[in-house]
1. Give or take rounding to whole Å, what are the principal axis extents of the alpha carbon atoms in region 1-109, in descending order?
2. Relative to the longest principal Cα axis of the chain, at what angle does helix 226-242 sit, 0 to 90 degrees, rounded to 10?
3. To the nearest 0.05, how large is the calculated FRET efficiency for ARG71 and PHE25 if R₀ is 22 Å and r is the Cβ-Cβ distance?
4. Given points 7 Å out from each Cα along the Cα-Cβ axis, report the LYS213 to SER83 separation in nanometres with one decimal.
5. Can you give the helix-only mean residue ellipticity at 222 nm for the chain, where every DSSP H stretch with n ≥ 4 adds -39500 (n - 2.57) and the sum goes over all residues, rounded to the nearest 500 deg cm²/dmol?
6. Across 5 Å bins from 0, what is the distribution of all Cα-Cα pair distances for the chain, in whole percents?
7. Using only Cα atoms, find the angle between the long axis of helix 107-122 and the longest principal axis of the chain, and express it within 0 to 90 degrees, rounded to the nearest 10.
8. If you line up the long axis of helix 184-193 against the longest principal axis of the chain, both from Cα atoms, how many degrees apart are they, to the nearest 10?
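What follows is calculated from the coordinates using simple rules that are stated; it is not laboratory data. The model shown is predicted, which means the values in this text are computed figures rather than measured ones. FYI the Cβ positions are ideal-geometry reconstructions off the backbone, even for glycines, and counts take in every protein chain you see.
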Amino acid sequence: MKLIEKLKEFQEGQKALLATNFYNFETLKGIMEAAKEIQLPVILQLTKSSIQYMGLQNAVALARSAIEYYRVESWIHLDHADSYELIEQCLKAGLDSVMIDASEFPLEKNIEITRRVVKLAANYGANVEAELGYVAKLGQSTDKTGYTEPGDVDLFVNATGVNALAVAIGTAHGNYKEKPKLDFERLRKISQITDAFLVLHGSSGVPDDQIIKAVEFGVCKVNIATEIKNTFMYNIKKLVNQTDEIDLRKVFPPAIDLIKELIIKKLRLVSM
Ligand SMILES: [Zn+2]
């Protein structure tokens, strides 16, 4: 099934697809074992940094072969692309879905950049996600000025033709200093205005009850990155300090198991 169809199915069922960033073989393995175990679909996400780290062809081949190996329903998505060129490379490499993040530009410019990407992606039958409003990146201010303005939603979706829309309703990327408090009233308004698939970014560290409520209020794609990266690295650090073992095939598995556990929990939270 194409991602767009699956998102539609989940939107109608008031559920969300979990979108997980992977960084290497080990994080990918943990994610896929989780999805396999509870038989739920998952979106595999790559960022520009992960592509630079693994190499685009390697990263895509790794994901594709894992999808076949584990027989999990899954799609590959480019997260937070900041350039047309990167998107074009990824579409040529066979990605199912791309995000153009022009959210730091004024509305008109965001529309113009996003519309161009939608046109390009149509040649590949790919799903396009864009961001309206601004979800703070690591260390940036999280005040309400960046929140998605419900009044802009209709114009943005119609003028660009995007399928999926990342909304700014109180989440942020990276680690939270204070417990986030999502603006559900705003989310409700947005979901009443548009049929676009609403995406929650910065979901790592958001309390479970708020994630559940966001899905109830119309979010149908929930992105998790920071928690995956942190779970893996904090545990590798701990494991390395606790043992003299230097065989990576013995050191890594407990950290992979923790990724698996984390993803099972998140999949249940959003997709059941
Ligand atoms: Zn994001």
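1. 43, 35, 20
2. 20 degrees
3. Numbers: r = 18 Å, r/R0 = 0.82.
That gives a FRET efficiency of 0.75.
4. In this crude spin-label approximation the distance works out to 4.1 nm.
5. Values: 12 runs with 141 residues, N = 272.
When only DSSP H runs of four or more count, the value is -16000 deg cm²/dmol.
6. Taking every Cα pair in the chain, the percentages come to 1, 6, 14, 17, 20, 18, 13, 7, 3, 1, 1, 0.
7. That helix lies at roughly 60 degrees to the long axis.
8. The two axes meet at around 60 degrees.
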